[in-house]
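Engineer: This is the structure, below, for whatever I ask next.
The values are calculated or read from the model by the stated rules, or taken from the named source; none is laboratory data. Here the structure is a predicted model, which means the values were calculated and not measured. Note that each Cβ is placed from the backbone with ideal geometry, even for glycine, and that neighbours are counted across all protein chains shown. Just the protein is used for accessible areas: all its heavy atoms, side chains included, with ligands, DNA and RNA removed. Shrake-Rupley method; radii C 1.70, N 1.55, O 1.52, S 1.80 Å.
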Amino acid sequence: MGIDIEPTGAALGAFVSGLELGKLDPDESATVIEALGEHGVLFFRDQDVAPEGHIAFAESLGEIDVNAYFSPNETYPQIAEVRTRPENTYVIGEAWHTDHSYEEAPALGSILVARQLPTSGGDTAFSSMYAAYDALSDGMKETLRGLRAVHSSYEAFGIGLSKLPEEERSERFRDGFRFGPDVVHPVVISHPVSGRPVLYVNRSFTTRFDGWTAAESRPLLEFLFEHGSSVEFTYRFRWEPGSVAMWDKRCTWHKALNDYRGQTRLMHRITVKGCPIAA
Ligand code: SIN
(Lines give C-alpha, C1' and ligand atoms only; values in the text may rest on other atoms or scores of the structure.)
Protein backbone atom coordinates (compact mmCIF):
# COMPACT_ATOMS: atom_id res chain seq x y z
CA MET A 1 0.00 0.00 0.00
CA GLY A 2 1.48 3.40 -0.97
CA ILE A 3 1.52 6.49 1.22
CA ASP A 4 -1.17 9.00 0.37
CA ILE A 5 -0.82 12.62 1.60
CA GLU A 6 -3.95 14.71 1.08
CA PRO A 7 -3.66 18.41 2.11
CA THR A 8 -6.65 19.73 4.07
CA GLY A 9 -7.03 22.69 1.72
CA ALA A 10 -6.58 25.09 4.64
CA ALA A 11 -3.34 26.95 5.45
CA LEU A 12 -1.86 23.85 7.04
CA GLY A 13 -2.39 20.17 7.64
CA ALA A 14 -2.64 16.99 5.57
CA PHE A 15 -4.38 13.64 6.03
CA VAL A 16 -2.00 10.72 5.62
CA SER A 17 -2.99 7.14 4.86
CA GLY A 18 -1.12 4.00 3.88
CA LEU A 19 1.17 3.82 6.90
CA GLU A 20 1.25 1.46 9.86
CA LEU A 21 2.48 4.00 12.38
CA GLY A 22 4.18 1.61 14.82
CA LYS A 23 6.15 -0.09 12.04
CA LEU A 24 7.66 2.60 9.82
CA ASP A 25 10.74 1.75 7.78
CA PRO A 26 13.47 4.44 7.43
CA ASP A 27 12.10 5.69 4.08
CA GLU A 28 8.62 6.07 5.53
CA SER A 29 10.03 7.92 8.58
CA ALA A 30 11.89 10.31 6.28
CA THR A 31 8.67 10.89 4.29
CA VAL A 32 6.76 11.70 7.51
CA ILE A 33 9.41 14.21 8.67
CA GLU A 34 9.47 15.90 5.28
CA ALA A 35 5.67 16.04 5.05
CA LEU A 36 5.53 17.44 8.55
CA GLY A 37 7.95 20.23 7.63
CA GLU A 38 5.80 21.02 4.60
CA HIS A 39 2.26 20.76 6.02
CA GLY A 40 2.92 21.54 9.72
CA VAL A 41 0.49 18.91 11.01
CA LEU A 42 -0.37 15.41 9.82
CA PHE A 43 -3.59 13.58 10.65
CA PHE A 44 -4.06 9.81 10.61
CA ARG A 45 -7.48 8.15 10.90
CA ASP A 46 -8.52 4.64 11.92
CA GLN A 47 -5.22 3.73 13.55
CA ASP A 48 -4.94 0.90 16.02
CA VAL A 49 -2.12 2.43 18.04
CA ALA A 50 -1.47 0.80 21.41
CA PRO A 51 1.03 2.61 23.70
CA GLU A 52 3.84 0.37 22.38
CA GLY A 53 3.01 1.37 18.79
CA HIS A 54 2.80 5.04 19.80
CA ILE A 55 6.29 4.79 21.33
CA ALA A 56 7.66 2.90 18.31
CA PHE A 57 6.24 5.56 15.93
CA ALA A 58 7.94 8.33 17.95
CA GLU A 59 11.23 6.44 18.12
CA SER A 60 11.22 5.92 14.37
CA LEU A 61 11.29 9.72 13.98
CA GLY A 62 13.85 10.60 16.68
CA GLU A 63 14.64 10.49 20.38
CA ILE A 64 11.73 10.90 22.79
CA ASP A 65 11.65 14.17 24.75
CA VAL A 66 9.95 13.39 28.07
CA ASN A 67 7.90 16.40 29.14
CA ALA A 68 9.16 17.87 32.41
CA TYR A 69 5.76 19.14 33.54
CA PHE A 70 2.86 16.88 32.53
CA SER A 71 1.94 13.79 34.55
CA PRO A 72 3.36 10.72 32.83
CA ASN A 73 1.41 7.55 32.15
CA GLU A 74 2.03 5.11 35.03
CA THR A 75 3.13 2.23 32.80
CA TYR A 76 4.80 4.17 29.99
CA PRO A 77 6.74 7.14 31.40
CA GLN A 78 7.58 8.33 27.85
CA ILE A 79 3.88 9.17 27.41
CA ALA A 80 2.52 12.42 28.88
CA GLU A 81 -1.16 12.33 29.79
CA VAL A 82 -3.28 15.27 28.72
CA ARG A 83 -6.31 14.66 30.87
CA THR A 84 -9.54 16.53 31.55
CA ARG A 85 -11.91 15.18 34.18
CA PRO A 86 -15.59 16.19 34.39
CA GLU A 87 -14.87 18.49 37.34
CA ASN A 88 -12.03 20.36 35.62
CA THR A 89 -12.81 23.79 34.19
CA TYR A 90 -9.33 24.41 32.78
CA VAL A 91 -8.16 22.37 29.78
CA ILE A 92 -4.43 21.77 29.30
CA GLY A 93 -3.20 23.74 26.28
CA GLU A 94 -6.34 25.86 25.89
CA ALA A 95 -4.40 28.96 24.77
CA TRP A 96 -2.59 29.13 21.41
CA HIS A 97 0.98 27.95 21.95
CA THR A 98 3.85 25.79 20.84
CA ASP A 99 5.40 23.65 23.57
CA HIS A 100 9.10 23.39 24.31
CA SER A 101 10.02 26.78 22.80
CA TYR A 102 11.61 27.39 26.22
CA GLU A 103 14.34 24.86 25.33
CA GLU A 104 17.66 25.61 23.59
CA ALA A 105 16.81 22.95 21.00
CA PRO A 106 12.98 23.04 20.77
CA ALA A 107 11.26 19.72 20.17
CA LEU A 108 10.62 18.55 16.61
CA GLY A 109 7.01 17.65 17.22
CA SER A 110 4.37 15.90 19.28
CA ILE A 111 2.23 12.88 18.49
CA LEU A 112 -1.20 12.94 20.12
CA VAL A 113 -3.38 9.83 20.33
CA ALA A 114 -7.01 10.02 21.47
CA ARG A 115 -7.72 7.55 24.30
CA GLN A 116 -11.04 8.83 25.64
CA LEU A 117 -13.13 11.48 23.91
CA PRO A 118 -16.13 13.56 24.99
CA THR A 119 -19.39 12.88 23.17
CA SER A 120 -18.91 16.17 21.32
CA GLY A 121 -16.30 18.94 21.30
CA GLY A 122 -12.67 18.63 22.37
CA ASP A 123 -11.25 19.44 18.92
CA THR A 124 -7.68 20.68 18.54
CA ALA A 125 -7.03 23.77 16.42
CA PHE A 126 -3.71 24.37 14.64
CA SER A 127 -2.28 27.54 13.11
CA SER A 128 0.46 27.88 10.50
CA MET A 129 3.36 30.12 11.44
CA TYR A 130 4.59 29.94 7.83
CA ALA A 131 1.32 31.54 6.73
CA ALA A 132 1.39 34.03 9.61
CA TYR A 133 4.88 35.17 8.60
CA ASP A 134 4.10 35.29 4.88
CA ALA A 135 1.06 37.54 5.47
CA LEU A 136 3.07 40.26 7.25
CA SER A 137 4.11 43.44 5.43
CA ASP A 138 7.67 43.71 4.13
CA GLY A 139 8.34 46.42 6.74
CA MET A 140 7.19 44.24 9.62
CA LYS A 141 9.14 41.24 8.29
CA GLU A 142 12.30 43.32 8.19
CA THR A 143 11.74 44.64 11.73
CA LEU A 144 11.10 41.14 13.10
CA ARG A 145 14.14 39.70 11.35
CA GLY A 146 16.28 42.02 13.50
CA LEU A 147 14.76 40.76 16.77
CA ARG A 148 15.28 37.88 19.16
CA ALA A 149 12.81 36.88 21.87
CA VAL A 150 13.01 35.37 25.34
CA HIS A 151 11.10 32.12 25.98
CA SER A 152 10.39 31.02 29.54
CA SER A 153 8.74 27.99 31.13
CA TYR A 154 8.22 29.90 34.38
CA GLU A 155 5.31 32.08 33.25
CA ALA A 156 3.12 29.14 32.17
CA PHE A 157 4.17 26.43 34.61
CA GLY A 158 5.18 28.62 37.57
CA ILE A 159 2.72 31.49 37.62
CA GLY A 160 0.00 29.84 35.48
CA LEU A 161 -0.26 26.58 37.41
CA SER A 162 -0.12 28.32 40.80
CA LYS A 163 -3.65 29.56 39.98
CA LEU A 164 -5.05 26.00 39.85
CA PRO A 165 -6.46 24.24 42.95
CA GLU A 166 -3.70 22.14 44.58
CA GLU A 167 -5.50 18.81 44.07
CA GLU A 168 -6.01 19.43 40.36
CA ARG A 169 -2.44 20.63 39.88
CA SER A 170 -0.95 17.57 41.55
CA GLU A 171 -3.08 15.19 39.50
CA ARG A 172 -2.40 16.72 36.09
CA PHE A 173 1.20 17.86 36.53
CA ARG A 174 4.39 16.36 37.91
CA ASP A 175 5.51 16.97 41.50
CA GLY A 176 8.47 19.22 42.21
CA PHE A 177 9.31 20.09 38.63
CA ARG A 178 12.05 22.65 37.98
CA PHE A 179 12.12 25.49 35.50
CA GLY A 180 14.93 25.58 32.98
CA PRO A 181 16.78 28.86 32.37
CA ASP A 182 15.08 31.24 29.94
CA VAL A 183 16.33 30.90 26.36
CA VAL A 184 16.56 33.34 23.46
CA HIS A 185 15.55 32.47 19.87
CA PRO A 186 15.32 34.57 16.70
CA VAL A 187 11.78 35.91 16.16
CA VAL A 188 11.95 34.65 12.57
CA ILE A 189 13.59 31.26 12.18
CA SER A 190 14.42 29.21 9.15
CA HIS A 191 12.60 25.90 9.44
CA PRO A 192 15.21 23.14 9.93
CA VAL A 193 13.58 20.85 7.32
CA SER A 194 11.81 23.08 4.78
CA GLY A 195 14.12 26.12 5.06
CA ARG A 196 11.03 28.39 4.97
CA PRO A 197 10.80 31.45 7.26
CA VAL A 198 8.63 30.97 10.34
CA LEU A 199 7.23 33.42 12.89
CA TYR A 200 8.61 31.94 16.11
CA VAL A 201 6.92 33.51 19.15
CA ASN A 202 3.95 32.20 21.13
CA ARG A 203 1.63 33.45 23.83
CA SER A 204 2.37 30.79 26.45
CA PHE A 205 6.14 30.98 26.54
CA THR A 206 7.45 34.16 24.83
CA THR A 207 7.79 36.84 27.50
CA ARG A 208 9.63 39.74 25.81
CA PHE A 209 12.07 40.72 23.08
CA ASP A 210 15.71 40.32 23.97
CA GLY A 211 17.08 43.67 25.17
CA TRP A 212 13.54 45.09 25.61
CA THR A 213 11.48 45.27 28.81
CA ALA A 214 8.30 43.22 29.11
CA ALA A 215 6.25 46.44 28.99
CA GLU A 216 8.01 47.61 25.82
CA SER A 217 7.56 44.19 24.21
CA ARG A 218 3.89 43.72 25.05
CA PRO A 219 2.19 45.78 22.26
CA LEU A 220 4.17 44.15 19.43
CA LEU A 221 3.94 40.67 20.97
CA GLU A 222 0.21 41.13 21.46
CA PHE A 223 -0.14 42.09 17.79
CA LEU A 224 1.80 38.96 16.76
CA PHE A 225 -0.23 36.68 19.06
CA GLU A 226 -3.49 38.03 17.61
CA HIS A 227 -2.15 37.93 14.06
CA GLY A 228 -0.93 34.32 14.41
CA SER A 229 -4.36 33.14 15.51
CA SER A 230 -6.20 34.73 12.53
CA VAL A 231 -8.72 32.20 11.29
CA GLU A 232 -7.24 32.08 7.77
CA PHE A 233 -4.06 30.49 9.11
CA THR A 234 -5.88 27.78 11.08
CA TYR A 235 -7.37 24.31 10.73
CA ARG A 236 -9.59 22.63 13.33
CA PHE A 237 -9.24 18.87 13.73
CA ARG A 238 -12.18 16.78 14.92
CA TRP A 239 -11.03 13.75 16.87
CA GLU A 240 -12.54 10.30 16.35
CA PRO A 241 -11.64 7.00 18.00
CA GLY A 242 -8.43 5.85 16.26
CA SER A 243 -7.30 9.38 15.33
CA VAL A 244 -3.66 10.39 15.64
CA ALA A 245 -2.25 13.88 15.02
CA MET A 246 1.38 14.83 14.74
CA TRP A 247 2.42 18.47 14.55
CA ASP A 248 5.72 20.20 13.93
CA LYS A 249 6.46 22.46 16.88
CA ARG A 250 8.69 24.85 14.93
CA CYS A 251 6.10 26.02 12.36
CA THR A 252 2.71 25.67 14.09
CA TRP A 253 0.75 26.73 17.13
CA HIS A 254 -2.06 24.64 18.56
CA LYS A 255 -4.90 25.03 21.00
CA ALA A 256 -7.15 22.49 22.74
CA LEU A 257 -10.79 23.60 22.68
CA ASN A 258 -12.42 23.94 26.07
CA ASP A 259 -16.00 23.17 25.02
CA TYR A 260 -16.99 19.86 26.66
CA ARG A 261 -17.59 20.86 30.27
CA GLY A 262 -18.54 17.99 32.59
CA GLN A 263 -16.97 15.24 30.42
CA THR A 264 -13.73 13.28 30.37
CA ARG A 265 -11.08 13.61 27.65
CA LEU A 266 -7.81 11.66 27.81
CA MET A 267 -5.05 12.04 25.25
CA HIS A 268 -1.62 10.40 25.17
CA ARG A 269 1.17 12.65 23.95
CA ILE A 270 4.73 11.78 23.02
CA THR A 271 7.17 14.48 22.00
CA VAL A 272 10.18 13.94 19.74
CA LYS A 273 13.40 15.86 20.34
CA GLY A 274 14.45 18.53 17.86
CA CYS A 275 17.60 20.45 17.00
CA PRO A 276 18.87 24.00 17.63
CA ILE A 277 17.04 26.59 15.53
CA ALA A 278 18.48 29.62 13.75
CA ALA A 279 17.43 32.61 11.65
C1 SIN B 1 -1.48 20.04 23.93
O2 SIN B 1 -0.54 19.32 23.60
O3 SIN B 1 -1.34 21.23 24.13
C4 SIN B 1 -2.85 19.42 24.06
C5 SIN B 1 -3.59 19.38 22.78
C6 SIN B 1 -4.92 18.72 22.96
O7 SIN B 1 -5.19 18.16 24.02
O8 SIN B 1 -5.74 18.76 22.03
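Engineer: Scan region 255-276 for residues that are surrounded by fewer than 20 Cβ atoms within 10 Å (Cβ to Cβ) and in a loop (DSSP other than H, G, I, E, B) and jot them down.
Structural biologist: Matches in region 255-276: Leu257, Asn258, Asp259, Tyr260, Arg261, Gly262, Gln263, Thr264, Lys273, Cys275, Pro276.
Engineer: So which residues in region 195-227 are under 17 Å from the mean Cα position of the chain (by Cα) and assigned to a loop (DSSP other than H, G, I, E, B)?
Structural biologist: Within region 195-227, Tyr200, Val201, Asn202, Arg203, Ser204, Phe205 qualify.
Engineer: Is region 77-93 home to any residue that is closer than 23 Å to Phe126 by Cα, more than 15 Å from the ligand (Cβ to nearest atom) and either of a type in the set (Asp, Glu) or crowded, with 20+ Cβ neighbours inside 10 Å (or both)?
Structural biologist: Within region 77-93 (the criterion being closer than 23 Å to Phe126 by Cα, more than 15 Å from the ligand (Cβ to nearest atom) and either of a type in the set (Asp, Glu) or crowded, with 20+ Cβ neighbours inside 10 Å (or both)), the answer is no, since none of the residues qualifies.
Engineer: So which residues in region 184-194 are open to solvent by less than 10 Å² (accessible area, probe 1.4 Å) and either touching a Leu at 6+ places or on another chain (Cβ under 9 Å) or in a helix (DSSP H, G or I) (or both), if there are any at all? Even if it seems obvious, please write down each step before you answer.
Structural biologist: Looking only at region 184-194, we keep the residues that are open to solvent by less than 10 Å² (accessible area, probe 1.4 Å), and these are 185, 187-189, 191.
Of everything in region 184-194, those that are open to solvent by less than 10 Å² (accessible area, probe 1.4 Å) and either touching a Leu at 6+ places or on another chain (Cβ under 9 Å) or in a helix (DSSP H, G or I) (or both) turn out to be Val187, Val188, Ile189.
Engineer: Within region 215-254, which residues are in contact with a helix residue (DSSP H, G or I) (Cβ under 9 Å, 6 or more places away or on another chain), small (Gly, Ala, Ser) and open to solvent by 10 Å² or more (accessible area, probe 1.4 Å)?
Structural biologist: Ser229, Ser230 - these are the residues of region 215-254 that are in contact with a helix residue (DSSP H, G or I) (Cβ under 9 Å, 6 or more places away or on another chain), small (Gly, Ala, Ser) and open to solvent by 10 Å² or more (accessible area, probe 1.4 Å).
Engineer: Moving to a separate point now. For Gly62, are the conditions met, namely being open to solvent by less than 20 Å² (accessible area, probe 1.4 Å) and of a type outside the set (D, E, K, R)?
Structural biologist: Values: open to solvent by less than 20 Å² (accessible area, probe 1.4 Å): no; of a type outside the set (D, E, K, R): yes.
So Gly62 fails the test.
Engineer: May I ask you to verify whether Ser101 is over 20 Å from Leu266 (Cβ atoms), free of Cβ contacts under 8 Å to residues at least 60 places away in the same chain and of a type in the set (Ser, Thr, Tyr)?
Structural biologist: no
Engineer: I've got another one for you. Could you check how many residues of region 1-36 are in a loop (DSSP other than H, G, I, E, B), over 19 Å from Leu112 (Cα atoms) and of a type in the set (D, E, K, R)?
Structural biologist: 1
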